[in-house]
Amino acid sequence: MRAVARVAKGMVLAIIMALTAIVVWLSLAPPELLRVGTGYAAKIVCSNVFLAGRDADVVLASDVQAPGHPLLKLIHIDIDPDQRSVTARLLGAFAPGKATYREGLGCVSVPTGDGAAAQAIVVAGEPEVSAASGASWPEGDAVSAGDPRLSDILADPALVGPGMRAVVVVKDGRLVGEAYGEGFDASTPLLGWSMTKTVNAAIIGRLMTEGRIGFDDRNLLAEWTGDGRAQIRIRDLLAMEGGLDFDEEYGDVTDVTRMLYLERDMAAFAAARPLAADPGTSFNYASGASVLLAKIWMGKFADRAQALAYPRAALFQPLGMASAVMEGDATGTFVGSSYMYATARDWARFGLFLVQDGVWEGQRLLPEDFVGAMRRPTTASGGLYTEVQAWGVGPGEEPDEKFGIADDAFWLLGHDGQTIAVVPSENLVVVRLGLTPSELGYRPQWLVKAVADVLK
């Protein structure tokens, strides 16, 4: 019996030592995958609480845990309302990830945990953006009764899809139908994820009208001087043909997750990637390319304050997109790949702007054929992607599979079911936002086809 007791004590001691070692390991050197998870959780909760005004517990249980990774269920959050910051930890103790709110810039991931320097970067002196009081949408926010032909479509769960948060339909320049999921309404800013890429591209288009940047500009970054990356052109990055080695896979520690949640300077990380192919020769969808585009266009200004104010002054103010906020990284570079929040109506304003070929209230804001380039599929992508940060096909679609939608349609697509279908020939825009992972099999093309058919 004494021998059994000694063995039992030894086993208990071994278990205690193992657990202690695990605790020390998680405390001092947590695996990067855990830090990605807590960084992601902190960022998503922060933006939705301090920018979108949503309940933190709901965001944690729905948005954060949507990817389904079991570790995300073990994450706890702490909110500091005075500092307007969020800290997420595994089991409430390990691998802390932090995000903090900045005025005019939404929330920012702070991988180092010190948000003071990041929080000092704000958009100062930004122009007021407001809709005309009492005016009809899009000039104002007055919306008359929707087209009754859309009632059944917008009430059909199979057409609006699981996890729908907002649908807005624009026909012939007017908002003719909208629907919202439970807990969301016309005033809720919603994350566009990669639809932000097209907005970022439009900002470059605004700079092109001023002669400050061009499609064929090379030698884009000082750190690329003297190697093959110096030959990368703006048009290469816009078409996702820059040739940089960048892994866009999610669910693990890859280039894109490292950039978004572990790197303080996202553009520096993307710029350091080596070439994997000659610029302009092959397609590789890479969020790093869009962050680099933001870094490059911001470099056209004399100081950071001017660059930070430019999206609002040059794009959001003219279009009346009062809710639109582009978020930046800890250095102040806009995360032009992923992070713009706006109400569904403001996303629809942007879609209408594209339907109108970059013209707003009679004023051309984008160069001639800039939107045309958004519509032209590239050879390197096999017809899937276009020359300027948009998609020639809807989610999960092949180039020859059109769902009966007009041939000139093009798409803004974002993670987990964010879509804007732009159909110039029918003067139609359909915005559909939600929390709809691709594995659910939903296709917004069904919605767009039904809307287009009934409005003909």
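In the same structural domain as Ala409 (by TED's automatic domain parsing), buried (at least 16 other Cβ atoms within 10 Å of the Cβ) and closer than 23 Å to Val325 by Cβ - does that describe any residue in the stretch 148-163? Yes, some residue in the stretch 148-163 is in the same structural domain as Ala409 (by TED's automatic domain parsing), buried (at least 16 other Cβ atoms within 10 Å of the Cβ) and closer than 23 Å to Val325 by Cβ.
Residues that are crowded, with 22+ Cβ neighbours inside 10 Å and assigned to a loop (DSSP other than H, G, I, E, B) within the stretch 353-391 comprise Gly358, Leu366, Glu387, Val388, Gln389, Ala390, listed in sequence order.
Here's the yes/no breakdown for (1) under 21 Å from the mean Cα position of the chain (by Cα); (2) modelled with pLDDT of 95 or more:
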site	(1), (2)
Met17	no, no
Ala29	no, no
Gly39	yes, yes
Ala52	yes, yes
Val64	yes, no
Gly68	yes, no
Leu72	yes, no
Pro81	no, yes
Leu91	no, no
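Among residues of the stretch 385-400 that are closer than 20 Å to Tyr442 by Cα, those with a Cβ under 6 angstrom from a residue that is of a type in the set (Gly, Ala, Ser), sequence gap 6+ or separate chain, pair up as Gly392/Gly383; Pro399/Gly383.
Can you find a residue that is free of Cβ contacts under 8 Å to residues at least 24 places away in the same chain and over 29 Å from Ala117 (Cβ atoms) anywhere in the stretch 72-84?
Keep residues of the stretch 72-84 that are free of Cβ contacts under 8 Å to residues at least 24 places away in the same chain, which gives 73-74, 76, 78, 80-82.
Keeping just the survivors that are over 29 Å from Ala117 (Cβ atoms) gives 73-74.
Yes: the stretch 72-84 contains one or more residues that are free of Cβ contacts under 8 Å to residues at least 24 places away in the same chain and over 29 Å from Ala117 (Cβ atoms).
Mind checking which residues of the stretch 368-383 are without any contact (Cβ under 8 Å) to a residue 60 or more places away in the chain and not small (Gly, Ala, Ser)? Passing the criteria: Glu368, Asp369, Val371, Arg375, Arg376, Pro377, Thr379.
Against the conditions (1) out of contact with any Gly (no Cβ under 6 Å at 6 or more places or on another chain); (2) charged (D, E, K, R); (3) within 23 Å of Trp391 (Cα to Cα), where does Glu241 fall short? Just the number, please. It is condition (1) that Glu241 fails.
The values are calculated or read from the model by the stated rules, or taken from the named source; none is laboratory data. This one's a predicted model, so the numbers in the text were calculated from it and none came from an experiment. Note that we place each Cβ from the backbone using ideal geometry, even for glycine, and neighbour counts take in every protein chain shown.
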